[in-house]
1. What does the accessible area of Met322 come to, in Å² to the nearest 10, when a probe of 1.4 Å is used?
2. Quick check: pseudo-label points 7 Å beyond the Cα along Cα→Cβ at Gln211 and Arg93, how many nm apart are they?
3. Loop-only trypsin sites (Lys or Arg not before Pro) in segment 432-504, please: DSSP not H, G, I, E or B, and at most 14 other Cβ atoms within 10 Å.
4. Considering only Trp233, Gly217, Gly247, whose Cα is most displaced toward the positive end of the charge dipole of segment 181-259, charges sitting on Cβ of Lys, Arg (+1) and Asp, Glu (-1)?
5. Place a +1 charge on the Cβ of each Lys and Arg in segment 316-385 and a -1 charge on the Cβ of each Asp and Glu, then give the dipole magnitude about the Cα centre in debye, rounded to the nearest 20.
6. Along the Cα→Cβ direction, 7 angstrom out, place labels at Asn526 and Lys303. What is the inter-label distance in nm?
7. Once amide H atoms are placed 1.01 Å from N in the peptide plane, what residues at a sequence separation of 5 or more from Leu506, or on another chain, have their amide H within under 5 Å of its amide H?
8. Any idea how far apart Ser514 and His402 come out in nm if each label point goes 7 Å out from Cα toward Cβ?
Amino acid sequence: MQGLRYSDAGISAGQVLDPNVPETSTKPPHLGRVDSPRPALDEAVEKSSLFENPPNLARIRQVMFECKDPIEISLEEFETYWPFIDNVWVKQRSNASKEGHCTTDYYMCRLRRPTHRTSETRPLPEGKRPRRKRVREGGICNFQIKVIKFEGAYSTVTISRTPGSGNIHSHDLDYIDKVKRNSGLMEFARREAIKGYLPSSIFTKFQEEPQKLVEAGGKFFTVTDVRNVSAKWRIQNPEVQLVPHIGYEYQKGHGIVKMQSLEDTANDGHTNSSLTNFKSPLPPDTLPFPQFPLEFLEPYLPKHNDEKRPFPHVTLSYASSMDSKISLLPGMQTVLSGPEAKLMTHYLRSRHDAILVGVGTVLADNPGLNCRLEGAGGFGGLGRMWQPRPVVIDPTGRWPIHPSCRMLRTAVEGKGKAPWIVVSPGAQIHPQKLMVLKGYGGDFLRIVEYNQNWRLRWEGILRALASEGVKSVMIEGGGTVLSELLNPEYTDFIDSIIVTVAPTYLGRGGVGVSPDSKQDEQGKPNAALNPKDVSWTPMGQNVIMCGKIRDSSTPSDTTETAATQVIPSEGT
């Protein structure tokens, strides 16, 4: 088997907002007749908005509709936002893993399946007219997605396109909103209907908040929708006389009209339950999004329209001193990046699907390997958007994985993803360590390909990541990994290099980054590597050197297949 068993938990790209929204209180239904006195509480309830739109609803609906990249979110976020986009999809099938941790639901766009009018008309009750149904042609849109629910220490849901899906919908979101209403919007109408209000009064109240109505997908919402959603409750409660809202009355020829300004009514202390103005505080370690130009990075970053390759886009990125050192001593953290370069590094992380480091860096620094920019998942953003997948090269399984380590804590807090650990076939992985990692959404990946020095082959590692949907990898360290990949034999796999140069010398005892010495055919010393299209950009106290390594005109495809193996859940 190739790749990671639980890697379907997602590779992400990112956008939007924090979902720590409180549960809304359930208000008691109003069952009084027209002449029944209403308590002051009813007036306070009616002052509040009928909408409880979660934050950034319009933008998130668009992101989940387009599904350009896999979207990894928490189960709570999925349950909050999915009802507002479920009108787009029709479920095809479901399956679950043997362990029961992972469930996959497959959906197709509603416009892929036609609707047909039955040839035989069913007998209708006396006095009831048949509904006029509009027949919809099928095959209009071939967009398909899969929704993967993973239950562990941090339950996640990943939404991504299926392999046979079209790249984009053949229609926009407004078109599908016109065809069918979403269940989130209809739930708002149902909650108000069971209080005993007239459908026309509910519709009038909805129309008073046009922005929230459109955000929730109600651009084409009609009073008939309210009647339909309240019909079942009205049948079950035939004795209830439906009434308009306080301050509204029915006028012949005009319908429900507003009689007084509810804004002038005294507030009795009950606050609006709408979540529209809800904003969760950002974590204290949140970094501001860079406000300085970063356009110079674009030529060296991954593109969605890259040529078809069996490997991800690979960017080498690290901070170095003037004498090409990355730390003062082995295992010693050394700050070389200024505040601007630090923000740039997190921006680079947000633009890649994965961050790769060696186990030495993990043992020395205990890094989080996440993106802390405001707007990333866990930092004001939705789910795990903008959060790259940590990948640790640990051939012998040295890393003592424990729930207290920073990467797993970051995953539990929703501020990043659990790591994938690349190991060799001979690595002895304790079953408890395996279960801990899988419980957090991570996994082990065995690579059985070696080079002539009995080291894991980078071709196998990169190909396995690509097979799991990783389209871009940012390699940050440590010195051994970076130095090896700077050798000419890897130029077909490394696309770009971005180095932050600090104005300091660390000395001969520091940890250096440099490829092996090279000689020409006559045995004379030769330059080991010459990046192309080099640019130098000052950034605060640092200078950023960007260059391209891989020759895009040379095909990098090979016929070899990466041999990989997933460690089973039962043990090694």
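The values are calculated or read from the model by the stated rules, or taken from the named source; none is laboratory data. Because the structure is predicted, anything quoted here is derived from the model rather than measured. Cβ atoms come from the backbone with ideal geometry, glycine included; neighbour counts cover every protein chain shown. For the accessible areas, the whole protein counts, side chains as well, though only heavy atoms, and no ligand, DNA or RNA atoms are used. Shrake-Rupley method; radii C 1.70, N 1.55, O 1.52, S 1.80 Å.
1. Approximately 110 Å² of Met322 is accessible to the 1.4 Å probe.
2. Between Gln211 and Arg93, the simple spin-label model gives 4.6 nm.
3. Arg455
4. In segment 181-259, that residue is Trp233.
5. Rounded to the nearest 20 debye, it is 120 debye.
6. Taking the simple label geometry, Asn526 and Lys303 are separated by 3.0 nm.
7. Sorted by chain and number, the residues that satisfy this are Met322, Asp323, Lys325.
8. Result for the modelled spin labels: 3.7 nm.
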